[in-house]
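J.: Handing you a structure now.
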Amino acid sequence: MSSSRRKFIATSAKAGLGTLLASQAISGVLSSCTTTKKVTGPASFKTGFDQQPLPYTYNALEPWIDTETMDIHYNKHAAAYSKNLKEAAKAEGIDANSSLEDIFPKINQYSMKLRNNAGGHYNHEFFWKLLKPNTAPGESSNLYKAIVAQFGSLDKLKEKFNDAAKSRFGSGWAWLVYTKDKQLVVCSTANQDNPLMGLSGTDKDPFISGFPIFGLDVWEHAYYLKYRNRRAEYVENFWKILNWPYIQERFDAVR
Ligand code: MN3
């Protein structure tokens, strides 16, 4: 067992009150004494600047994501974000051993090159881990229960998430975010922005800040070779390769 896992179990055992407060939040009754811990996630999810090995082969997600797309997406697009992030960080005096989670809250202090490539690198490192064929939601998991409490059902969440992914104009991402108010919220961001960034949205394009539980890349480079203009079909198929054990672990770590 990893030390972070041991620590998590030890923390969970002591977390009777925390669990009570979280269940109140999940049922929609937010207690005024609920602690609002900063939602940047635990250390075990910290992201460095180097690209990590893809956790499966290029054809592992066939037929939902084709081999050629996976290869180009990982080796060209995602690799470029990591390379350009390191260039920008060096130019802007950022320690190469920093984690992106520490940089995102103050992202406005840096250039657009840093923002785009830090987001691009983080989002893709995260995205690869979110994908795994043949997993299913554990209906007794905290995440599943929170989804049902918040949205009514998993199908209702899917509908909301798919709408966000389909209606994001141009390039961007759709997200399920856990906010510091302990709510699960669906949102989307443009380009390579993500909910960990210290950004503010507009009335027409509100920005939801929080810890991403999962997200979907809706840039054309993520699907165009196979799906052409059929983004809706790609979005629908995402649910067939969503890595439920991993997203349940993420939720358990921040809730
Ligand atoms: Mn991409």
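Every read-out reported here was derived from the displayed coordinates using simple, explicitly stated rules and does not represent laboratory data. All values reported here derive from a predicted model rather than from experimental measurement.
J.: Can you run phi through the Karplus equation (6.51, -1.76, 1.60; θ = phi - 60°) for segment 198-204 and list ³J(HN,Hα) in whole Hz, with x for Gly and Pro?
T.: These are the phi-based 3J(HN,Hα) values: x, 10, 10, x, 10, 4, 7 Hz.
J.: With equal scatterers on the alpha carbons only and no solvent term, can you work out the Debye log10 of I(q)/I(0) for segment 75-189 at 0.16, 0.17 1/Å?
T.: Summing over Cα pairs of segment 75-189 leads to -0.92, -0.99.
J.: Jot down the per residue volume, in cubic angstrom and as a whole number, of the convex hull over the alpha-carbon atoms of segment 111-255.
T.: 114
J.: Hey, another quick one. What residues have an amide H closer than 5 Å to that of residue 214, excluding those fewer than 5 places away on the same chain, when H is modeled at 1.01 Å from N in the peptide plane?
T.: It is 176, by chain and number.
J.: Right, here's the next one. Note the direction-averaged projected area, equal to a quarter of the hull surface, for the Cα convex hull of segment 159-244, in nm².
T.: Over all viewing directions, segment 159-244 projects a mean Cα-hull area of 5.8 nm².
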